[in-house]
Amino acid sequence: MIRKIQAEDRPIYLKMAKNFYSSDAVQHNVPERYFVYTFDELMRSDDYAVGFILEYKNNAAGYALLAKTFSQEAGGMVLWIDELYVLPEYRGHGLAHEFFAYLKNNLQDNVKRIRLEVEDKNKKAISLYKKIGFDDLPYLQMIVDIGYR
């Protein structure tokens, strides 16, 4: 089951976010206070970010974070799947497929693109994403971190 994250999910979300950023699915760890900032934003509104809990047999089995942006190139809103994490013991149970089906069936009419990023060494995730229709984006992404002041 996929459901919107709620205030009572704070402890499990913080634990899973820490696990995600300790895994090889990301390039580097981030300060734990960032998880708190994100959770607080998820509780504040859906303006910029939306969070979901993935459940398996009534247990929190993972989470997803979506960020919202607008793209002229896409012709409308873009949902950026910022994070999709399934606890190791729940992998292989179809939760990622269920999440993407949930997204497809619950998209707002103005969403024109779904975007994500994946570590190139995460071959299982890449295979899954390609199977459900994602394709490589031929852009080099660049960033500059400003950080919290």
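The values are calculated or read from the model by the stated rules, or taken from the named source; none is laboratory data. Remember, it's a predicted structure, so these values are computed and weren't measured experimentally. Backbone-built Cβ (ideal geometry, glycine too); neighbour counts: all protein chains shown. What goes into the accessible areas is simple: the full protein's heavy atoms, side chains included, and nothing from ligands, DNA or RNA. Shrake-Rupley method; radii C 1.70, N 1.55, O 1.52, S 1.80 Å.
Kindly indicate whether any position in the stretch 101-120 is of a type in the set (Phe, Trp, Tyr), more than 19 Å from Ala74 (Cα to Cα), surrounded by 13 or more Cβ atoms within 10 Å (Cβ to Cβ) and under 16 Å from the mean Cα position of the chain (by Cα).
First, the residues of the stretch 101-120 that are of a type in the set (Phe, Trp, Tyr): 102.
If we keep only those that are more than 19 Å from Ala74 (Cα to Cα) too, we end up with 102.
Filter once more, so that each one left must be surrounded by 13 or more Cβ atoms within 10 Å (Cβ to Cβ): 102.
Cutting the leftovers down to under 16 Å from the mean Cα position of the chain (by Cα) gives us 102.
Yes - at least one qualifying residue is present in the stretch 101-120.
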- Note on the structure: Scanning the stretch 11-44 residue by residue, those open to solvent by less than 80 Å² (accessible area, probe 1.4 Å), farther than 21 Å from Ile143 by Cβ and modelled with pLDDT of 95 or more turn out to be Ile12, Tyr13, Leu14, Met16, Val36, Phe39, Asp40, Leu42, Met43
- Query: Which pairs have Cβ atoms under 7 Å, sit 6 or more apart or on different chains, and link a residue in the stretch 36-57 that is in contact (Cβ under 8 Å) with a residue 12 or more places away in the chain and more than 22 Å from Val86 (Cβ to Cβ) to one that is open to solvent by less than 50 Å² (accessible area, probe 1.4 Å) and not in a helix (DSSP H, G or I)?
  - Reply: Tyr48/Ala67
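Does any residue of the stretch 85-100 turn out to be assigned to a loop (DSSP other than H, G, I, E, B), out of contact with any Lys or Arg (no Cβ under 8 Å at 6 or more places or on another chain) and crowded, with 16+ Cβ neighbours inside 10 Å?
Residues of the stretch 85-100 that are assigned to a loop (DSSP other than H, G, I, E, B), as a first pass: 87, 91-94.
Still in the list and also out of contact with any Lys or Arg (no Cβ under 8 Å at 6 or more places or on another chain): 87, 91-94.
Add one more test, that the residue is crowded, with 16+ Cβ neighbours inside 10 Å, and what stays is 87.
Within the stretch 85-100, one or more residues are assigned to a loop (DSSP other than H, G, I, E, B), out of contact with any Lys or Arg (no Cβ under 8 Å at 6 or more places or on another chain) and crowded, with 16+ Cβ neighbours inside 10 Å.
Scan the stretch 123-147 for residues that are in a loop (DSSP other than H, G, I, E, B) and touching an Asp or Glu at 6+ places or on another chain (Cβ under 8 Å) and report the count.
Our first condition is that a residue be in a loop (DSSP other than H, G, I, E, B); within the stretch 123-147, this holds for 132-147.
From what's left, touching an Asp or Glu at 6+ places or on another chain (Cβ under 8 Å): 141.
Counting residues in the stretch 123-147 that are in a loop (DSSP other than H, G, I, E, B) and touching an Asp or Glu at 6+ places or on another chain (Cβ under 8 Å) gives 1.
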